[in-house]
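In what follows, a structure is listed as structure tokens, so that the remarks can point back to it.
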Protein chains: 2
Amino acid sequence: MHASPTAGLVDALAARLGRAHVVTAETDLAGHLVESRGLYRGHALAVVRPGSTEEVAFVVAECARAGVPVVPQGGNTGLVGGGVPYGGVVLSLARLNRIRALDPINATAVVEAGCTLKAVQDAAEAADRLFPLSLASEGSCQIGGNLATNAGGTSVLRYGNARDLVLGLEVVLADGRIWNGLKGLRKDNTGYDLKDLFVGAEGTLGIITAAVLKLYPRPKLRATAFLGCASAQAALAIFERLREACGDQLTAFEYIPRFGLEIVLKHAHGAVRPLAGDHAAYALVELSSPQADADLMGALETVLGGLIEEGLVEDATLGASEAQNRALWYLREMLSEVQRNEGGSIKHDVAVPVSRVADFIEEATLACEAAMPGLRVCAFGHFGDGNIHFNLTQPVGMDKAAYLAEWERFNRIVHDIVARLDGSISAEHGIGLIKRDELRLYKDPVAIDLMHTLKRALDPHNILNPGKVVALEGEMPAALPGRG
Amino acid sequence: MHASPTAGLVDALAARLGRAHVVTAETDLAGHLVESRGLYRGHALAVVRPGSTEEVAFVVAECARAGVPVVPQGGNTGLVGGGVPYGGVVLSLARLNRIRALDPINATAVVEAGCTLKAVQDAAEAADRLFPLSLASEGSCQIGGNLATNAGGTSVLRYGNARDLVLGLEVVLADGRIWNGLKGLRKDNTGYDLKDLFVGAEGTLGIITAAVLKLYPRPKLRATAFLGCASAQAALAIFERLREACGDQLTAFEYIPRFGLEIVLKHAHGAVRPLAGDHAAYALVELSSPQADADLMGALETVLGGLIEEGLVEDATLGASEAQNRALWYLREMLSEVQRNEGGSIKHDVAVPVSRVADFIEEATLACEAAMPGLRVCAFGHFGDGNIHFNLTQPVGMDKAAYLAEWERFNRIVHDIVARLDGSISAEHGIGLIKRDELRLYKDPVAIDLMHTLKRALDPHNILNPGKVVALEGEMPAALPGRG
């Protein structure tokens, strides 16, 4: 489909970027050919590291001319194989890492795609502002990748997804032209919304090189609580009551099942049991406010006190210091990591309407437990957004490979329930390779067709991250993940 | 370009929709051929009123087959000529006016395009929720039109534009297929963002037939203040301080110049002078909170007290009752209407970064006053969003037609300043016909080209609202407005 990559192309790129920024040695390529969980291993002609938007445009134009695919990469922390190359050139955005401007009064920052999320957060904080996007990989993921995948994380309840945090973009198109849409405007109705085409498109429609991000007043106060309750249904009732009482001050409501807390306490170094007894379900709750005189602790105590009296909350603890708050958050943050200590894990990143999130957890748990006795459901995450990481840990003692071979069967069980509840089979991780073919089973065929229309219109020669998100006519089937 | 419309088409539509819903009599068409300010007068073969999404799809499919344009219309309250037909069939969404579902826990409503904005607001309120979009024409504009034009209004500061208030859409495409994207999810990363293609596209890429809207906790308390200050720069400093002190409780910050207040007091029935003295500039400020125990009046008094002591605020009054709050809002709301009492008005709906909004008002005021001595600048509006309705009232005694003939000259003066400040020449009203050709002077040519690519991809035969927003090759120049 693509012309075989030529040494002439590599030479042309090296002549413009400098030989040091066009990497072809196998050992230097290695880290760019796999995704973070080792599910896919690809191959590439070269990794190129342009130092400016103009150099990105040059690389794309040269590759387009040679018919060679371009796979953009940020921090390569994605979880769906979206950044794994199968041939062509890996384009690393890492050298585009400047904060170009920050306007505290307009509450915007203009940042380049290769800035780490942490660097963006820090720049905002230095100006007494908040950039609210927050993820486990924030120290190494890059903002360009966050936008290309419409990243979620723990602040969505109050501040929205990455898509909601961007006002404008600079994008290199499939033919190497640069679209400069770096406006920092709250209102702009001058034609079609172009930026949202590229946000969440995983580099298949254009390569984001810079963005104007929205900043917020920096929270001056936080209050954090960890509570135990009897069920997911109870957690939903508690969430409703907290939102009613606290409005926008409710900035996080994260769900942790009993099994999840148990494995964190067992495996995470320094994790401290938050409540004396055991409960079927737990929630980590955070209030925050930019107003220094808000009485968040008082508000939280009042609401939780009422809920304890009613019996909805079985027990609760409030962080009395920043250190205690961090210790409570640590329990939630370590949950992703410690699952591997219990063997194979079959993972689903799904969302349903918030009103159905408890129904979903209950129904899917029963269905999976019935399908494989001994299987341990680890359903946790962004409950207040309706987004559950519905992960299934293998039965104790089962062969890991034999367990992981059941992945497709559990996809069908879980995703069929999600579909019946009008949900999404990818809430925040994206499609990439891992869900590309799965998507065809659940997405409206007209929507799939519209996606193809857009891909063909914006990348007619299928140069940009080919094979990801959408599969064009005659394209290879998605590689099956080698679920390590 | 389009085949001449045939009686066969009208008969086919009448057979499906019923004769009563296919209107061809001149007198019945009249209201659908003009826009609300009378700037354009078009013509049409018929007005059709489908009663369901399937009937909309049927109409579009039949028109596409006959090569006849379809111009969708909601409440026909737009200000840019976007709903005026130049041939073809006007498709009224008015009969699609059901609230299909409302889920208070998920905080969503599924509504059909023909619901008035007021009906949507009322449905939300009946469920103790808020649908925050709020505009002068809310009693007659329809939610489908609000979404198709990405409407703004007075709640954008806190809740965003119409685009930010929609989670999913149902759309009839140019070939008559129906895309059902009515998901009510806070997170859904299953491929390209399709809904934002149609929001703000003014019916040129598809016809929105229904939407899932976001609802919010209903504010339990409001506090409203009207303040006077020395300049736009002072207003910006005041805005900054209020946002710093009140965070998200600040839900409106509307700017009114001295001339604006004067003409409201002169012409608006029942308008009451809010402050004893005169000031160069005024702001209408609103705080609100979903928390019933928030002390908004106290907060507002404290901040304004401090600002008066510093001399930034020259005078202020707080509404002591809902009736007084309404009286203060009345001064702002009547401002659009009363301008006509002072003769011709040349209007601009522009936005700049918030940090530059005072610079813009000052610079553009000086430039316009210099260009025509005696001209009276009426720059008002959504200051906190950087969105100013920069309207120019004719000099006293000048011939109105002679004044309005200067429209293009003032466009150039005002829009050139907007462009230099990285602003937008259409903040909330859209492009339609009135700014279609103007847009080419100010928009990045790559962006214009991307818009053409999208139009060609989604509506290859140019059936949907042709000639609006983008002008395709060989298309007629935009009709010049007959600026009544």
query = What's the center-to-center distance, using Cα atoms, between the range A:315-392 and the range A:5-81 in Å?
reply = 36
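Starting from the Kirkwood radius over alpha-carbon pairs of the range A:221-336, derive D by Stokes-Einstein at 10 °C in a medium of 1.306 mPa s and give it in µm² s⁻¹.
On the way: Rh = 14.2 Å.
Translational D for this selection: 112 µm²/s.
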key: Other protein chain Cβ atoms within 10 Å, averaged over every residue that makes up A:160-169   = 2
inquiry  = Whole angstrom only: what separates the Cα centroid of the range B:161-192 from the Cα centroid of the range A:251-292?
reply    = 35
query = According to a simple spin-label model (label point 7 Å from Cα along Cα-to-Cβ), what is the distance in nm between residue A:317 and residue B:437?
reply = 7.2
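Below 13 angstrom from the Cβ of residue A:379, what's the summed charge of the other residues (Lys, Arg +1; Asp, Glu -1)? Could the numbers behind the result be given before it?
Values: positive: A:258, A:347, A:376; negative: A:254, A:349, A:359, A:362, A:363, A:369.
For residues surrounding residue A:379, the net value is -3.
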request  = Could you pull the copy-to-copy label distances for residue A:26, with points set 7 Å along Cα to Cβ, in nm to one decimal and sorted shortest first?
outcome  = 8.4
task = With a ≥ b ≥ c taken as the square roots of the eigenvalues of the C-alpha gyration tensor of the range B:9-92, please select rounded if a/c is under 1.5 and otherwise prolate if a/b is larger than b/c or oblate if it is not?
result = prolate
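Taking the Kirkwood radius as the inverse of the mean 1/r across Cα pairs, report the Rg/Rh of the protein assembly as shown. Numbers along the way, then the final one.
Working: Rg = 28.4 Å, Rh = 29.4 Å.
My calculation puts Rg/Rh at 0.96.
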key: Magnitude of the charge dipole, chain A, Cβ model with Lys/Arg +1 and Asp/Glu -1, debye to 20   = 1140
query = In percent, how large is the relative contact order of the range B:319-431, given Cα pairs closer than 8 Å and 6 or more residues apart?
reply = 34
request  = Over the whole of A:445-455, what's the average partner chain Cβ count within 10 Å per residue? Rounded to a whole number, please.
outcome  = 5
note = Heavy-atom accessible area per residue of chain B, all protein chains kept, 1.4 Å probe, expressed in Å², is 35
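Using only the Cα atoms of the range A:343-420, build the gyration tensor, take square roots of its eigenvalues as a ≥ b ≥ c, and label the shape rounded, prolate or oblate: rounded if a/c is under 1.5, else prolate if a/b is larger than b/c, else oblate. Mind dumping the intermediate values first?
Details: a/c = 2.12, a/b = 1.90, b/c = 1.12.
Prolate.
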query = Normalised by the residues of the range A:221-336, what does the relative contact order come to in percent, with Cα pairs under 8 Å and at least six apart?
reply = 46
key: Segments B:101-111, A:305-315 sorted - mean Cβ within 10 Å per residue, highest first   = B:101-111, A:305-315
ask   = For a label point 7 angstrom out from the Cα of residue A:326 toward its Cβ, which stretches of the range A:258-278 have the backbone nitrogen within less than 18 Å?
value = A:268-274
key: Net charge contributed by nearby residues that have their C-beta within less than 10 Å of residue B:339 (K/R +1, D/E -1)   = +1
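Take every DSSP beta bridge whose two residues both sit in the range A:28-135, then give the antiparallel share in percent to the nearest 5. Could you put the intermediate results ahead of the total?
Details: 5 of 13 bridges.
Here the antiparallel bridges make up roughly 40 percent for the range A:28-135.
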task = May I ask which residue of B:282, B:390, B:38 lies farthest towards the positive end of the charge dipole of chain B, with charges of +1 (Lys, Arg) and -1 (Asp, Glu) on Cβ and the Cα centre as origin?
result = B:38
key: Separation between Cα centres of the range B:425-473 and the range A:113-152, rounded to whole Å   = 33
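Only helical DSSP H runs with n ≥ 4 go in: add -39500 (n - 2.57) per run for chain B, normalise by residue count and round the 222 nm mean residue ellipticity to 500 deg cm²/dmol. Each step should come with its number before you reach the end.
On the way: 17 runs with 164 residues, N = 484.
Using -39500 (n - 2.57) per qualifying helix, the result is -10000 deg cm²/dmol.
What percent does the relative contact order of chain B come to when contacts are Cα pairs within less than 8 Å and at least six residues apart? Kindly include the intermediate steps, with their values, before the conclusion.
Working: 1016 pairs, mean separation 74.8, N = 484.
Normalised by residue count, the contact order of chain B is 15 percent.
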request  = List the distances, in nm to one decimal, from the label point of residue B:292 to the label points of the same position in every other copy, shortest first, placing each label point 7 Å from Cα along the Cα-to-Cβ direction.
outcome  = 3.2
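Distance cut-off 21 Å, Cα to Cα: go down the list A:455/B:195; A:195/B:187; B:435/B:455; B:214/B:455; A:214/B:118; A:347/B:214 and report the pairs above it.
Values: A:455/B:195 16 Å; A:195/B:187 18 Å; B:435/B:455 17 Å; B:214/B:455 28 Å; A:214/B:118 30 Å; A:347/B:214 29 Å.
Exceeds cut-off: B:214/B:455; A:214/B:118; A:347/B:214.
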query = So how far apart, in nm, are the two label points at residue B:369 and residue A:444 if each is 7 Å from Cα heading toward Cβ?
reply = 5.3
query = Once the Cα atoms of helix B:357-371 and of chain B are each reduced to a long axis, what angle between those two axes, in degrees from 0 to 90 to the nearest 10, is obtained?
reply = 80
query = Taking square-rooted eigenvalues a ≥ b ≥ c of the alpha carbon gyration tensor, is the range A:24-143 rounded, prolate or oblate, where a/c under 1.5 means rounded and, failing that, a/b exceeding b/c means prolate?
reply = oblate
message = 7 Å along Cα→Cβ for the label point: how many nanometres lie between residue A:309 and each equivalent label in the other copies, listed shortest first?
response = 3.9
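Once you charge only the Cβ atoms, +1 for Lys and Arg and -1 for Asp and Glu, what is the size of the charge dipole of the range B:221-336 about its Cα centre, to the nearest 20 debye?
Dipole about the Cα centre, nearest 20: 440 debye.
Quick one: putting +1 on the C-beta of Lys and Arg, -1 on the C-beta of Asp and Glu, what dipole do you get for the protein assembly as shown around its Cα centre, in Debye to the nearest 20? Don't jump to the answer; show the numbers that get you there.
Working: 90 positive and 114 negative charges, 312 e Å.
With only Lys, Arg, Asp and Glu charged at Cβ, the dipole is about 1500 debye.
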request  = Starting from the Cα of residue A:269, step 7 Å along the direction of its Cβ; do the same at residue B:240; then give the gap between the two resulting points in nm.
outcome  = 4.6
ask   = Which length gain, in nm to one decimal place, applies between residue B:333 and residue B:43 when the Cα-Cα distance is subtracted from 0.36 nm times their residue separation?
value = 101.2 nm
ask   = Where does helix A:117-126 land angle-wise versus the long Cα axis of chain A, in degrees 0 to 90, nearest 10?
value = 70
key: Using alpha-carbon coordinates, inclination of helix A:296-310 to the longest axis of chain A, degrees   = 60
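Report, to the nearest whole %, how much of the accessible area of the protein assembly as shown belongs to carbon and sulfur atoms, 1.4 Å probe, protein only.
Numbers: 17740 of 33990 Å².
Looking at the protein assembly as shown in its full context, I get 52 percent from C and S.
The values are calculated or read from the model by the stated rules, or taken from the named source; none is laboratory data. Quantities reported herein were computed from a predicted structural model and do not represent experimental measurements. Note that each Cβ is placed from the backbone with ideal geometry, even for glycine, and that neighbours are counted across all protein chains shown. What goes into the accessible areas is simple: the full protein's heavy atoms, side chains included, and nothing from ligands, DNA or RNA. Shrake-Rupley method; radii C 1.70, N 1.55, O 1.52, S 1.80 Å.
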